[in-house]
Structure formats: structure tokens, C-alpha cells
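A short worksheet on the structure shown next.
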Amino acid sequence: MYRIVFLLLSSLLLVSCLDKKAEAIGLPYYNEPDFTPIFITDTSEVESKIKHTIADFSFLDQDSTLISQKNIKGKIHIANFIFTTCGSICPKMTTNLKIVNDSLKSHSDIVLLSYSVTPWIDTPNVLKKYKARNEITNPNWHFLTGSKNDIYKLARTSYFAEEDIGFSKDSSEFLHTEHFILVDKNKRIRGIYNGTLALEMQQMIDDIKTLENKNK
């Protein structure tokens, strides 16, 4: 009997220690398209070990406003890739991202970027109607359009947006992914989530709050 109690207490202590260790380490970084996590305990090592950052970009949003890396400077952002005529995963992804948006609507340091993967169809006016139809009023949630080649290159080589490693793909091959990518204030990837699963939105909300706390 005493042995069973001892083992239970030991297990609880071990889990508690692991949770505290994970909390101390914080979120991982990602340098490669295979999303191998890199945990760093010493912040002075980040510059030398984490080389990958989101490349500079410039696209029009639903209001025909030019959105670039200047708009995410010093801010956490979430990126996803959709198209307005999508009848499969995109509506679900937009609905789920609204969960995050509504939970963090008072957080001015969070930017949401929804890139169109059919920019030749999704003009600013089309995206404006899409945003209104989905009752999205957050001025920090931008629906972006522009050059197909530029969007696809950014998606595959900067955000590692697809499950298959993107570097080997022809740039013209259609891009369709359910991933949400979480990027910190220094443009480094810190999380990837399945945008079709509402349960993963709470994890992303928690991770965003972790990033915010680390930067206070």
C-alpha cells in the first residue's frame, strides 16, 4: 500500500518538474520546413542558433492598404493561407481563427495575416466583402493579395506553410494548407497549428500569451 502511494507521489512530482521545466524553457523555435523544434534556455544563444526569419514582403489588404514587414515589426503575428472561393477547409479555418481573434481582441500587439492563394481572383474588393461576410471588424486582421509568385514563395520558404517540404515544389503548384503559423516579435516561427481543429486554437492562444509574457 505504502509503495503504491510512494509511486503515485513520485509520478506527480516528476510530472510537476517536467511542466516547470517546459515552462522555463518556453516555446520552441523552428529553423527548417520539417518543423524540428529547437528549445533554447539561454536567450543569448538565439541569435547564433536561430537563423530563419520571415522574409520582407509587401501586399495589398482588403482596403487596398499596403501591408509589409513594417506592420509586424515588434508584434506577434499569425499567418494562414486561404482563398475566398474555397468550399472545403477555408471557411472552417476562418471560423477557428475568429476564436483566437475574439479572445485576444484587446491585444494591440497581435496581427493576423490571411494570404490569398488565388490572388488573381481575390482582389482587395473581394477580400473586403469576404471579411465583412465573416463579420470580422479587427483592423489588425489583414486579408492580403498580390503577386502569386511572391505569395507562394513567402508561404513555402518563409512560413514553411505546407506539410510537404516546400523547397522541392514547383512555384506554380497550387498551395493549399490548413496550417496556422505563429511568429514572434522578431519574425521567428514559434508554433504551427491545424487550423481546422478548434481545440488547437486554445493552445495557440496560450502560446501567444506565453510570448507576450516573455517580452514584458
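Charges at C-beta only: +1 for Lys and Arg, -1 for Asp and Glu. How large is the resulting dipole of segment 84-216 about its Cα centre, in Debye rounded to 20? Could the numbers behind the result be given before it?
On the way: 18 positive and 16 negative charges, 94 e Å.
So the dipole magnitude of segment 84-216 works out to roughly 460 debye.
In the structure displayed, which of K49/K187; K49/K148; K49/K214; K105/K209; K105/K187; K92/K131 lie more than 24 Å apart, Cα to Cα? Going by Cα-Cα distance, K49/K148 fall outside the 24 Å limit. For segment 85-216, the gyration tensor built on C-alpha atoms gives an oblate shape. Its axis ratio a/c (a ≥ b ≥ c) is at least 1.5, and a/b is not larger than b/c.
The residues neighbouring N71, those whose beta-carbon lies less than 14 Å from its own, together hold a net charge of +1 under the Lys/Arg +1, Asp/Glu -1 convention.
The Cβ shell under 12 Å around K49 holds other residues with a net charge of -1, Lys and Arg each +1, Asp and Glu each -1. Computed extension length for A198-I89: 38.0 nm, one decimal, from 0.36 nm per residue of separation with the Cα-Cα distance subtracted.
Before I look further, what does segment 105-150 give for accessible area per residue, probe 1.4 Å, in whole square angstrom?
Values: 2230 Å² over 46 residues.
I get 49 Å² per residue for this part.
Which value, in debye to the nearest 20, describes the size of the charge dipole of segment 49-127 about its Cα centre when Lys and Arg Cβ atoms bear +1, Asp and Glu Cβ atoms bear -1, and nothing else is charged?
On the way: 8 positive and 6 negative charges, 76 e Å.
Approximately 360 debye in magnitude.
Over all projection directions, the Cα-based convex hull of segment 15-140 averages an area of 10.2 nm².
The values are calculated or read from the model by the stated rules, or taken from the named source; none is laboratory data. Remember, it's a predicted structure, so these values are computed and weren't measured experimentally. When we count neighbours, we look across all protein chains shown, and the Cβ atoms used for this are built from the backbone with ideal geometry, even at glycine. In case anyone asks, the SASA skips ligands and DNA or RNA and just uses the protein heavy atoms, side chains included. Shrake-Rupley method; radii C 1.70, N 1.55, O 1.52, S 1.80 Å.
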